[in-house]
1. Exposed loop trypsin sites (Lys or Arg not before Pro) only (DSSP loop, at most 13 other Cβ atoms within 10 Å): please give the longest stretch of the chain free of them, not including the sites.
2. Distance between the C-alpha centers of region 369-385 and region 258-334? Whole Å please.
3. Quick check: Cα centre of region 145-185 to Cα centre of region 90-134, how many Å?
4. Could you put Leu122, Leu360 in order, starting from the residue whose Cβ has the fewest other Cβ atoms within 10 Å?
5. Say R0 is 30 Å: what FRET efficiency, to the nearest 0.05, do Met23 and Leu305 get from their beta-carbon distance?
6. What is the distance, in nm, between label points placed 7 Å from the Cα along the Cα-to-Cβ direction at Glu378 and at Glu141?
7. Work out how much length Gln151 to Arg342 would gain on full extension: take 0.36 nm times their residue separation and subtract the Cα-Cα distance, in nm to one decimal.
8. Greater than 26 Å separation of Cα atoms is the criterion. Which listed pairs, Lys169/Lys266; Lys22/Lys266; Lys10/Lys30; Lys240/Lys266, meet it?
Amino acid sequence: MTIEAADRVKAIPPYLFASIDKMKQQARAKGIDLIDFGVGDPDLPTPPHIIEALQFAAADPEHHRYPSYAGSTRCRRALTDFYAERFGVKLDPDSEVLTLIGSKDGISHLPLALINPGDLALVPDPAYPVYDTTVRFVGGEVHRYPLLSEQEFLPDLEAIPAEVARRAKLIFINYPNNPTGGVASLDDLERIHRFAEEHDLLVVSDLAYSEMYLEEERPPSMLQVAGAKARCVEFYSLSKTYNMTGWRVGYAVGNSDVVAALGKIKTNMDSGVFGAVQEAGIAALTGDQGCVAEMRGVYRERRDLLVESLRGLGLTVRPQRATFYLFVPIPAGTTSMAFTARMLDEAGLVVTPGNGFGALGEGFIRFSLSVPSARIREAVLRIGRLVL
Ligand SMILES: *Cc1c(COP(=O)(O)O)cnc(C)c1O
């Protein structure tokens with residue numbers, strides 16, 4: 001008997017990254033020593049004080065039972081204190097904060113909470129694939145709006161047709177941006193907020209990389225814009241900041257109607273974040289932030305090394321000001337996928353083809369700086385041989 005998958009499953013386009021995984025396996029089988037710039041996952045360990053908080057809390061029987069759905073009050077308060085200090089934003093821990101099983105949990109369930117069949121969402125191109133897929137899962141429509149290199153990968157709002165903007169219910173934004181490394185200033189966020197006001201849109205802000213800034217300026221939160229709470233929900237993640245991608249803890253904050261709707265969905269889908277992981281999250285947010293400054297230092301060094309080396313090879317690269325992604329235009333006359341395949345076959349380097357993030361990512365490859373400096377040097381030697 002063949003079990004047929006639901007239409008929503010069949011409608012998902014073939015996963016580009018699956019074919020890259022296959023190519024990786026084949027290369028490994030051939031004995032090629034791979035250097036992996038592909039995964040958006042920090043290679044650095046979680047800081048020890050966070051691990052200790054988990055270890056201690058894991059022994060407490062209180063955490064062996066179901067946790068509260070929205071997260072403990074202390075866990076939510078740890079984030080509201082953090083937002084007050086970091087962004088100057090005041091949040092009510094009871095009605096404006098929800099603890100999540102990683103921010104992807106909230107991002108992926110948001111359409112279920114907000115989108116009716118036929119409702120339209122504005123999604124950047126290129127973008128983290130989850131926004132587009134999960135809106136379609138619930139029968140929503142997606143309009144991709146451009147992020148262009150010549151506009152520093154900020155939203156090209158003019159390019160959104162008036163009738164599309166009028167019909168849309170929400171707009172996803174993600175700054176600092178994956179995959180482009182683009183950064184939005186508070187002015188930029190105010191411009192996006194004005195657009196949202198004009199067209200009566202909810203702004204869904206994915207702030208996964210707020211602490212991964214590599215220059216002086218600290219990326220702002222959308223909630224710093226005056227009045228933003230009326231039409232904004234923001235997703236905050238501990239994953240990249242504290243090297244905690246495997247731990248699964250994040251937050252939704254902002255508009256209380258949205259937080260309540262998402263909470264209602266989640267109450268019916270999962271049973272919250274393991275209490276000991278919440279304790280680890282509290283330790284991360286309230287502890288010494290020196291580990292975060294160290295993390296920035298590591299990525300800054302890797303970025304500078306890779307940028308300088310790629311430039312030495314004649315490639316045009318602009319160093320990103322935040323995130324651990326370098327989005328590099330490929331030479332004319334080839335495609336992202338063909339270039340990625342060639343890097344893998346001939347140099348043993350894994351990168352991500354830009355078109356995996358949307359049509360406008362074509363012509364780029366993404367390097368994730370989750371590779372130690374010594375290996376970056378080795379990679380650059382290999383690319384040198386490839387280009388020549
Ligand atoms: C890594 C990442 C996330 C974070 O996911 P978690 O579920 O919090 O681990 C969210 N958005 C973007 C754009 C990311 O790159």
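Bear in mind these aren't lab numbers, they're just calculated from the coordinates by the rules spelled out. Note that the coordinates shown come from a computational prediction; the quantities given were computed from them, not determined experimentally. Because the Cβ atoms are built from the backbone with ideal geometry, glycine has one as well, and the counts that use them run over all protein chains shown.
1. Details: sites that count: Lys30, Arg65, Lys90.
The longest uninterrupted stretch comes out as 91-388.
2. Each part reduced to its Cα centre gives a spacing of 20 Å.
3. 16 Å
4. Values: Leu122 27, Leu360 22.
Lowest count first: Leu360, Leu122.
5. Values: r = 26 Å, r/R0 = 0.86.
Approximately 0.70, to the nearest 0.05.
6. 5.1 nm
7. On the way: separation 191, 0.36 × 191 = 68.76 nm, distance 2.93 nm.
Additional length available on full extension: 65.8 nm.
8. Details: Lys169/Lys266 21 Å; Lys22/Lys266 34 Å; Lys10/Lys30 33 Å; Lys240/Lys266 23 Å.
Those over the limit are Lys22/Lys266; Lys10/Lys30.
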